[in-house]
Amino acid sequence: MHQNTPPRGTIRLTRRGRLVLILLATGAVVAGAAVVVPLLTVRHGVEETKPVSLVIPEGWRASQVYGAVDKALALPAGSTEKALAKARLKLPRDAAGNPEGYLFPATYPLTKKTTPESLLSFMVNTANKKFNGAPVAAGAQRNAMNVYQAVTVASIVQAEAASKADMGKVARVVFNRLERGMPLQMDSTLNYALKRATLKTSADDTKLASPYNSYQRMGLPPTPIDNPGEEAMRATINPPAGDWLYFVTVRPGDTRFTADFAEHQRNVAEFNALQNSPAQQNSPAQQKSPAQQQSPAQQNAPAQQKNPAQQNSPAQQNSPIQQNASAPQATK
């Protein structure tokens, strides 16, 4: 098994969409996968719709952000990603030029002068304002991390937590497993490597040769796996005390955390029984635990469960996204 975690005595953890459609007439927010907030104008007696802002939801990957910017600015696909080279983004050295984790989720204004470079810079500058303050730096230090590593953990928390209420406990699970020398075994990191979003992880998937394979490699992935919001970061730098090592969302609103593998297996069995019941056969896929369903003795066993909070999974495309409705407004 590959090791990416230094000795505990000198631990420095290794580095590493949803459409929001604003219905202006009703003020409602519908989750799905687009991001442009339109402004209705009238010219020569003809109504015209022009985008005036771009909403980036929590948990979007950089690839999703690039695509949204292309569409919002009516550019050919791939234009925003190509613009990275000349954007001169103010990223931490550990990022090595990769803005994943620093395209901060917020609402960004669009004007006639907006370019991919200016919009990406706006996002990264907003992230730096949020992440480089004293609270985040101090919180990262308390958990033996630098800020970039804290952003990486927050991105995992964003992907894995079934709700905001669960974020702190998920962060604690991450830290507990790292401190015990256990692989994270998070399906969300595998999905990132495979450029997919799914609730199903096979035994073959866990053998993937990738630095993002947290089944095979110790420590954190080399970069964040999405762009986390403030709630996920807050949970990361100040997680509640607890000895949890495993979790599974048995049913919506019922995520169970435990340090006991046998108890976790019982929870998993209950989840599986619910999934196999006739009433569940045609229902959307329920969220499951990440890869914390394997004990240290079973680290090389086939993955038994799926990832809980696959924020981009098909099963969640039409679910309410409360956190996106309150995405912070980016300001210059």
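Observations, loosely collected:
- Glu160 falls short on exactly one of the conditions (1) of a type in the set (Asp, Glu); (2) out of contact with any Ser or Thr (no Cβ under 7 Å at 6 or more places or on another chain); (3) not assigned by TED's automatic domain parsing to the domain that holds Ser53, and that condition is (2).
- Applying the condition of being surrounded by fewer than 22 Cβ atoms within 10 Å (Cβ to Cβ) and either among the hydrophobic types (A, V, I, L, M, F, W, C) or assigned to a loop (DSSP other than H, G, I, E, B) (or both) to segment 221-238 and asking which residue is nearest to the chain's Cα centre (by Cα) yields Pro222.
- Residue that is surrounded by the fewest Cβ atoms within 10 Å (Cβ to Cβ), among those in segment 251-262 that are over 15 Å from Val170 (Cα atoms) and among the hydrophobic types (A, V, I, L, M, F, W, C): Ala262
- Boolean, Lys195 is outside any helix (DSSP H, G or I) and charged (D, E, K, R): yes
- Residue list for segment 126-145, filter: among the polar types (S, T, N, Q) and crowded, with 16+ Cβ neighbours inside 10 Å: Thr126, Asn128, Asn143
- Residue match in segment 138-148 (condition: among the hydroxyl-bearing types (Ser, Thr, Tyr), over 13 Å from the mean Cα position of the chain (by Cα) and farther than 29 Å from Asp243 by Cβ): no
- Residues of segment 91-105 include at least one that is hydroxyl-bearing (Ser, Thr, Tyr), surrounded by 17 or more Cβ atoms within 10 Å (Cβ to Cβ) and not in a helix (DSSP H, G or I).
- Residue match in segment 152-169 (condition: of a type in the set (Val, Ile, Thr), in contact with a Leu (Cβ under 6 Å, 6 or more places away or on another chain) and at pLDDT 95 or above): yes
The values are calculated or read from the model by the stated rules, or taken from the named source; none is laboratory data. Predicted, not measured: the structure shown is a model, and the values here were computed from it. Ideal geometry is used to build each Cβ from the backbone, glycine not excepted, and the neighbour counts take in all protein chains shown.
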